[in-house]
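Report on one structure; see the data block that follows.
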Amino acid sequence: MKILVQKFGGTSVKDEESRLSAEKHIKHAISSGYKVIVVVSAIGRMGDPYATDSLLSLIDGEKSYLDLRERDMLLSVGETISTAVFTNQLKKNGIHAVGLTGQSAGIRTNEDFGQAKVQDVDTSAIYEYLKINDVVVVAGFQGVSDNGHVTTIGRGGSDTTAALLGGAFKAACIDIFTDVSGMMTADPRLVEKAQFLKVVSYNEVSNMAHEGAKVIDPKAVEIAQQAGIPIRIRSTYQSVTDTGTLITNTKMQSDPQRLVTGIAHVPHLVQFTIETTKELQESLFNLLAQSGFSLDFINIFPGKIVFTLPQTISEKAKELLNEQKISYATHENCAKVAIVGAGITGVPGVTAKIVTAMAKLNIPIYQSADSYTTIWILIEEKDLKEALTELHEAFLQSN
């Protein structure tokens, strides 16, 4: 049995026209000899009645009186509705299909509600349905605990569902359908000359996704990589023969000399600087962890630590530090820029090129860090568009 996993995001199932575009890709897969596992997100985005954020607004968002278990009970409804609507359309148009919730599909999780961890995928039910159907439509983003409670697996959970099912069924490929044609070298809304990427490695895409590129959830990339299943980022609205961006371990033979693959960014950050002693450093990190703060861009010095937090939670962090009488300084309205590429490993002069590009525009760099495949810098958000354009020019225009 040849199996293909196709995931359709909220914009791909938002209305009948979009769902018909999605259906064309399913029909093409069936005609190519595949059984298809389709994973769907909730219909549309904020403002659409069954989108996840719209459902959340019904209970006053983060101010809700529901506990996390009860909140998951509500939020899982969006994908369930989408599954029923999409399955109905497929059947109406003569496709042998069946719709399943995460529970019916065998997705078992723990009870870490809101961000549940998938512990097992029982493939038996889907296999049985695929014997008599061409398509099984599965509600993404959700599973069930051993106690029978509906759980959700966090933002980007439908991508994760698709990757888990792809691995469990040893699928030929995992297709992630969205409203863009694939991965780009930078955000085209900020960089006019951003280029399409035909082939990218798992590690590069994972790094770009972690650093703000929102085409795919990084957890899904990591799951697919572990299973050795290739991923394609494709547009629902383009031809069924357009294969988009391929994510794989395969060496990029088309451009083996590529130094930088892409430039990603995360806006709306606040930089914290805290003068510390050795004792305070240890207690401070424990305090922040116990209070639920996940720090990013951490630099540790003998008498100082520096880190960033999203603006949305920075005020809570300030309140905590004030309560503990810990003095700090902040730099508001920052953005993190990540220069990503497997080709930069061991290559001298990459950081120098970044520094030169920023100096050319008189853009200060407030923090930096690097790994084998990524170099990060922190700048002021007001300089983001100029910085991205200049870095793209420096590293990617000649590619």
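Structure notes:
- Whichever residue in the stretch 116-146 is in a helix (DSSP H, G or I) and among the β-branched types (V, I, T) and, among such residues, is least open to solvent (accessible area, probe 1.4 Å): I126
- Picking from residues in the stretch 359-378 that are touching a strand residue (DSSP E or B) at 6+ places or on another chain (Cβ under 6 Å) and more than 27 Å from Y202 (Cα to Cα), the one that is surrounded by the most Cβ atoms within 10 Å (Cβ to Cβ) is I363.
- Complete set of residues in the stretch 345-357 that are in contact with a strand residue (DSSP E or B) (Cβ under 7 Å, 6 or more places away or on another chain) and open to solvent by less than 60 Å² (accessible area, probe 1.4 Å): V350, I354
- Scanning the stretch 64-100 for residues that are open to solvent by less than 20 Å² (accessible area, probe 1.4 Å), touching a Ser or Thr at 6+ places or on another chain (Cβ under 8 Å) and within 21 Å of G44 (Cα to Cα) returns D72, L75, S76, G78, E79, S82, T83, L100.
- Residue within the stretch 147-160 that is basic (K, R) and modelled with pLDDT of 95 or more present: no
- Total residues in the stretch 306-316, condition at pLDDT below 95 and aliphatic (A, V, I, L, M): 1
Residue-by-condition table, conditions (1) under 30 Å from V215 (Cβ atoms); (2) at pLDDT 95 or above; (3) among the polar types (S, T, N, Q):
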site	(1), (2), (3)
M252	yes, no, no
D255	yes, no, no
R258	yes, no, no
T276	no, no, yes
Q281	no, no, yes
Q290	no, no, yes
F297	yes, no, no
F301	no, no, no
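- Of everything in the stretch 38-63 that is open to solvent by 100 Å² or more (accessible area, probe 1.4 Å) and in a loop (DSSP other than H, G, I, E, B), the residue that is farthest from E111 (Cα to Cα) is R45.
The values are calculated or read from the model by the stated rules, or taken from the named source; none is laboratory data. Bear in mind that the values here come from a model prediction, so they are computed numbers and not experimental data. Don't worry about glycine lacking a Cβ; one is built from the backbone with ideal geometry, like all the others, and counts go over all protein chains shown. Ligands, DNA and RNA are stripped out before the accessible areas are found, and what is left, the full protein with its side chains, is counted by its heavy atoms. Shrake-Rupley method; radii C 1.70, N 1.55, O 1.52, S 1.80 Å.
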